[in-house]
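Notes follow the structure.
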Amino acid sequence: MVAGTDKKPLVDRWLYIYAILFGLSYSQAALFAPNQNTKFISGLALANYRDVASDWMAHITDPFLLFSVLLKWQYHWLGLYFGVHFSFFLIVAIYGMVGVWMAKGLIAHNEERQRTLLIFALLWLFINTIGIRNLLLDFFPAGLARQYVLGTYYQPCCFGVLILAGIAAYASKQAMLAAVCFVIATLFHPAYLVSSAILAAAIIVLPANRSLEIGWGKRLLFLSLVAGVLIPYAVWSVDLLTSADPLIRYKAHYLLSTIRIPHHTVPAEWRVWRTLIFFLVGFVAAWLGRKQLMGQLLFVTLWVVAATILWVVIIPNPTVAVVAPWRISVILAPLSWVILIAGLSPWTAQKIQTQSFISLDRLGKVLIIAVALACLAGILGVFFDYQHKIERNDYPISRFIANYHKPGNQYLVPLDQMDIRLEAGVPVFATWKSHPTKDSEFLEWYKRIETARAIYEKRGDRAKSDMLVLIENHSVTHVVWPISKGDFPFSQMGQQVYRDTYFSLWDMRRASRG
């Protein structure tokens, strides 16, 4: 299985086919998945997707401008569904290739190297296969605070894969390519600003630079390139997303961190055992790779993550919590897996060679069948997720609204119904899931949430004035009412235009004319 000198190594020759198999076996979720209902609004508005451009969320400050422009291009040239799914497939395929690329820097150069790399590639594919991956995530998180680099669908955070590619590039002595990867990932998602800065600063001081023969000149050039982009980008992002008034900033960040996303920002909300497992596995991997750059980088950055968590616990600060410096954990989690699997692969290769209970030829056939089944599972995963989407309670009314909608209509929907906006492609007053990032706009969103909550939670006679405010001041023309809440309390103000088992839709324009 070791390639001859006149041929490219087996892993190199099959890497692109492997990437396709990896992308198929990983699978992905149906449109529109939870975070897409926020991250896609600006991009689809730019693309003139249905009437999303009339939504107030389409006119807020967009922190994902590069992603939104890319989404617009994908929509026009590839179509919404193919463009989104194909883009995520490519990112996942790159993730698979990056894992193998990182392993090349960890596995010893000996006569068993190609066999060991092949074993790594198979293990890397299998643990990322849908089903197996889900089971592993119950024990080892993809990142702290319920964060991740890939997840199961296309969104800005997926471009964090480029940070992993940057680490692999640096370990392969391609420091300039590493800098480009760090920068591009951050430009797609400003939440990676802190992660890229920490990794870039840490990687140049590691002892492994000497064994890789990366001198200080090259290291400082790498850091200068990263800092030369990230520093002005950070200044621009802060200016874009925060107000001059510190009280507005504090109030918005406090509400965001304690009310809207405490599962991301408040360590007390995290599952203790998953946090402990993350650090335990991370430090075990760091010890296994202690003589190599990736292991040393993992060791240093794990301590940085621990320090930032301790900082927020001892001195709570909503702005630091919103910045979430522990987001770097979404890079460290797959890095830990790569190091562990790379350490396990030589032992596995040796056992297969010396103690396999079946012949190598038969084992090869079994592995081919296993990879085929993994790919089939990934394809079926997409199919069944679309079947589940069609069976959701909100799907029928979303399809009705998509066909019923006329320009000028705006819909008040239950706060937990995040999918109607993009599924129907219509302007929605507010949902709990989709909120702005800029502090002043976030406070406006929160006011909308409180107003909408009054409609759905107050008694009808007490909420009538709130409904009139929505109709007259916010141009709400229609209300989606859950059947589970009983009769629509404002029926005398409007006209029912749709009803199914779960929701009814009411036209309230009669009240505005009255």
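In degrees, nearest 10, range 0 to 90: what is the angle between the Cα axis of helix 246-255 and the longest Cα principal axis of the chain? It is inclined by approximately 80 degrees.
With a threshold of 20 Å on the Cα-Cα distance, the over-threshold entries among K173/K218; K39/K251; K447/K485; K72/K438; K39/K438 are K39/K251; K447/K485; K72/K438. Where (1) 46, 27, 20; (2) 95, 33, 22; (3) 42, 29, 20 are the candidate values, the label of the one calculated here for semi-axes √(5λ) of the Cα gyration tensor in Å is (1).
How much length would be gained if the chain were fully extended between W14 and L310, taking 0.36 nm per residue of separation minus their Cα-Cα distance, in nm to one decimal? Residue separation times 0.36 nm, minus the Cα-Cα distance, leaves 102.1 nm.
Working from label points 7 Å from Cα in the Cα-to-Cβ sense, the A201 to R271 distance is 3.2 nm. Among beta bridges from DSSP that stay inside the chain, the antiparallel ones total about 75%.
Multiplying the residue separation of K218 and R459 by 0.36 nm and removing their Cα-Cα distance gives an extension gain of 80.0 nm. How high is the relative contact order of segment 422-500? Use alpha-carbon pairs under 8 Å, at least six apart in sequence, and give a whole percent. In percent, rounded to a whole number, it is 21. Full extension of the chain between I248 and K406 gives 53.2 nm of extra length, using 0.36 nm per residue less the Cα-Cα distance.
Between helix 460-473 and the chain there is an angle of about 80 degrees, using the helix long axis and the longest principal axis of the Cα atoms.
Determine, for each peptide in 192-203, 66-77, the mean count of other beta carbons within 10 angstrom over its residues, then list the peptides with the highest first. Can you show the working numbers first?
Working: 192-203: 22.8, 66-77: 18.0.
Answer by packing, highest mean first, reads 192-203, 66-77.
Here the calculated FRET efficiency for H109 and E391, from their Cβ-Cβ distance with R0 = 51 Å, stands at 0.45, rounded to the nearest 0.05. The separation of segment 85-125 from segment 130-151, counted between C-alpha centres, amounts to 19 Å.
Counting only alpha carbon atoms, the long axis of helix 192-203 and the longest principal axis of the chain meet at about 20°. Per residue of the chain, the DSSP helices (runs of n ≥ 4 H) give a summed -39500 (n - 2.57) that works out to -20000 deg cm²/dmol at 222 nm.
Computed over the Cα atoms of segment 396-513, pair by distinct pair, the Kirkwood hydrodynamic radius stands at 14.4 angstrom.
Here S211 and D239 are evaluated by their C-beta separation; at R0 = 56 Å the FRET efficiency comes out at 0.85.
Here the simple spin-label model places points 7 Å from the Cα toward Cβ, and for K351 and N134 these points are separated by 2.7 nm.
All of the numbers you see were taken from the coordinates with simple rules; none came from a lab. Nothing here was measured: the structure is a model prediction, and the numbers come from that model. Here Cβ is always computed from backbone atoms with ideal geometry, including for glycine, and neighbour counts include all displayed protein chains.
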